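We did not get these values from a lab; they are worked out from the coordinates using the rules stated. Just so it is clear, the structure is predicted and the values come from calculations on it, not from any experiment.
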Amino acid sequence: MTIACLVIDDHYLFRRGLIGTLLSLPGAAVVGEANSVERALAVPDEPDVVLLDLSLEEGGLMKEAAVRSLLKRWPQTHILILTASESKDDLIQMLAAGASGYVTKHAKPSELAEALQAVSGGKVFVTPRLASYLLEDDGSRPNDQWSLSGREREILKLVAEGERDREISERLFISLKTVQSHLSRIRDKTGVRRRADLTRLAVRRGLLGPVGRVDRWRDGSSVRDEWGSELDDRSVGRC
């Protein structure tokens with residue numbers, strides 16, 4: 001399967017070098033390049049993956065807004081952040097905005113290839129040495145003190161994928177008030193308030209699948225052990 005890539009970076013030499021690297025990878029193709037998100041939105045071909053420079057100069061456009069504008073233009077596209085930043089806050093914010101991957105510019109071509117395969121397949125990929133940030137304490141109450149319903153897990157997953165309340169409402173065919181009610185119960189049960197921390201909670205609980213090469217927590221338990229069979233899509237019903 002060919003992975004169609006769109007490269008957005010305002011540094012010409014780096015952008016051209018990245019394109020050369022992509023073209024050397026089996027199964028990767030480049031459908032466009034741009035030095036800004038605004039120009040990228042005019043690219044006619046829909047990419048499978050957008051490689052976005054986190055430090056891109058976009059005037060007053062917030063980094064999160066840049067990710068959301070790309071996903072609004074191409075809802076089925078996956079955003080892979082390519083950055084020099086190893087900040088935990090940047091990582092969490094980008095995943096919360098809807099990015100599917102986060103790779104540093106120190107990555108080797110083999111890691112970039114792995115990231116492309118992961119995010120194009122609907123998984124989350126984070127540079128392995130940064131993935132431990134997502135395994136840190138997310139501030140939630142101990143797991144044996146709460147459990148989420150199928151609908152609550154579904155909404156938590158969509159929050160972690162960067163969906164806003166109204167977008168979740170439209171996707172699940174439920175009212176905005178119902179979405180907000182579910183989110184209120186999720187926050188009350190888990191003790192987690194911020195959307196960025198809810199994203200980290202979803203990653204820790206395995207809702208977005210394995211991250212990077214991390215498939216076990218520090219205590220040795222499986223990523224999916226905490227909710228087990230409850231993660232089966234068939235258990236997620238509509239209300």
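Full extension of the segment from Ser132 to Lys88, taken as 0.36 nm per residue of separation minus the current Cα-Cα distance, would add 14.9 nm. Overall shape: oblate for region 61-122, with the ratio a/c of the largest to smallest alpha carbon gyration tensor axis at 1.5 or above and b/c at least equal to a/b. With a ≥ b ≥ c taken as the square roots of the eigenvalues of the C-alpha gyration tensor of region 3-131, please select rounded if a/c is under 1.5 and otherwise prolate if a/b is larger than b/c or oblate if it is not? Since a/c stays below 1.5, the shape of region 3-131 is classed as rounded.
Extension gain for the segment Thr21 to Ser69, taken as residue separation times 0.36 nm less the Cα-Cα distance, is 14.7 nm to one decimal.
Explain nothing, just the number: relative contact order of region 3-131, from Cα pairs under 8 Å at least 6 residues apart, as a whole percent.
Working: 215 pairs, mean separation 28.5, N = 129.
Answer for region 3-131 is 22 percent.
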